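Below: one structure, written as structure tokens.
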């Protein structure tokens, strides 16, 4: 299955492209993208969906069976799971042909990336 990834930030866009190349054990999944949407995490759900939808549909055209949307939580107070489900529900209703998943990243994505600068995933001995 082809899986597209939509991100909201420059750091995510730059780093995920590099990380995707090192992910070889995904079975039948093929990661495509990432692509960046101008998503403001404090925007209303309708605005977030409006920014994501063209990117989601681009992945559908490219054959994606699933699209994952990654959004920063920043300093929002809403439960990340509830917000993700609200966005996913509207995206799923408006997009055609892909299983859409939304992941709310809980602050400091960049710290997660630099924690393993080599992208090795740690010592696997």
Qualifying positions in region 62-75 - surrounded by fewer than 17 Cβ atoms within 10 Å (Cβ to Cβ) and either under 18 Å from residue 93 (Cα atoms) or modelled with pLDDT of 90 or more (or both): 62, 63, 65, 66
Counted residues, region 55-71 - those being under 17 Å from residue 1 (Cβ atoms) and under 13 Å from the mean Cα position of the chain (by Cα): 6
Total residues in region 76-100, condition crowded, with 18+ Cβ neighbours inside 10 Å and assigned to a loop (DSSP other than H, G, I, E, B): 2
Test: residue in region 43-61 that is crowded, with 17+ Cβ neighbours inside 10 Å, part of a loop (DSSP other than H, G, I, E, B) and either in contact (Cβ under 8 Å) with a residue 24 or more places away in the chain or touching a strand residue (DSSP E or B) at 6+ places or on another chain (Cβ under 7 Å) (or both): no
Qualifying positions in region 5-39 - in a loop (DSSP other than H, G, I, E, B), at pLDDT below 85 and loosely packed, with under 14 Cβ neighbours inside 10 Å: 22, 23, 24, 25, 26, 27, 28, 29
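The values are calculated or read from the model by the stated rules, or taken from the named source; none is laboratory data. Since the model is a prediction, treat every value here as computed from it, not as a measurement. A quick note on method: Cβ atoms are made from the backbone with ideal geometry, for glycine too, and the neighbour counts reach across all protein chains shown.
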